[in-house]
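Read the structure below first, then the notes.
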Amino acid sequence: MQEILKKEEVIRWIQKTFEHISMKETYGEISFFYNKGNSLANGIYFLTIKESDGPNDKSSRLDRPGVYRLSWQLSKDTFVQKFGPKPTRPSKGNSIDVGLKLDELDLHLPHSVYGWMCWSMVLSPTRNTFASLKPTIMEAYEIAQKKFSKKTNST
């Protein structure tokens, strides 16, 4: 079995790979935003790393030792291609219903809560899994850039 990629390695890769990003740590989550020129208060989310369950999301079982969740947005086309139709929005405190175990390690899955918004996740990826997901993480960055441009009327 391959070794789990440490979250610090993921953070270093993000910081080295992407321009105009900011990082914010709140409530046990590290959030990455696209924010060219620091034009917005935070910027546009494109990726998060979470290490603990929240009151409205326990389905990933992040209370297990060493488990973290890496989450990012996909385009609707990519989401549907990988996972099938978008799930409906779950009620508060519940997870999406897609007929999958949403606490599996090292598996690309719809996000347990935000899958309805085309977000995806992987719990504690190995090096190989993370490498295979880089194109979709790049897509998340591009989505954030487009949303930023639309919001700030810039290019």
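What follows is calculated from the coordinates using simple rules that are stated; it is not laboratory data. Bear in mind the structure is a predicted one, so any value in this text is a computation, not a measurement. Counting neighbours? That spans all protein chains shown, and the Cβs are built from the backbone with ideal geometry, glycine included.
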- [ ] Give the relative contact order (percent, whole number) for the chain; include only Cα pairs under 8 Å separated by 6+ residues.
- [x] 24 percent
Task: aspartates and glutamates with Cα under 18 Å of LYS147, excluding same-chain neighbours fewer than 8 positions away - done: GLU19, ASP77, GLU139
Task: Residue order, fewest to most surrounding Cβ atoms within 10 angstrom, among VAL80, VAL10 - done: VAL80, VAL10
Task: Contact order relative to length of region 90-146, as percent, for alpha carbon pairs under 8 angstrom and 6 or more apart - done: 26 percent
Open item on the list: Could you tell me the relative contact order of region 18-57? Use alpha-carbon pairs under 8 Å, at least six residues apart, and round to a whole percent.
Closed with: 35 percent
TODO: Specify the inter-centroid distance of region 28-82 and region 125-145, based on alpha-carbon positions, in whole Å.
DONE: 12 Å
- [ ] State whether region 19-134 is rounded, prolate or oblate according to the following rule on the C-alpha gyration tensor (a ≥ b ≥ c being the square roots of its eigenvalues): a/c under 1.5 gives rounded; otherwise a/b larger than b/c gives prolate, and the remaining case gives oblate.
- [x] rounded
Task: HN-Hα J in Hz across region 129-141 - Karplus 6.51, -1.76, 1.60, θ = phi - 60°, x for Gly and Pro - done: 4, 4, 4, 5, 8, 4, x, 6, 5, 4, 4, 4, 4
Open item on the list: Please give me the summed charge of the neighbours of LEU5: other residues whose Cβ is under 10 Å from its Cβ, Lys and Arg +1, Asp and Glu -1.
Closed with: -1
Task: Farthest toward positive dipole pole in the chain [+1 Lys/Arg, -1 Asp/Glu at C-beta], among TYR27, MET121, MET138 - done: MET138
TODO: Return the subset of LYS76/LYS150; LYS50/LYS101; LYS7/LYS134; LYS24/LYS58; LYS6/LYS76; LYS92/LYS146 for which the Cα-Cα distance in this structure is over 25 Å, preserving the input order.
DONE: LYS6/LYS76; LYS92/LYS146
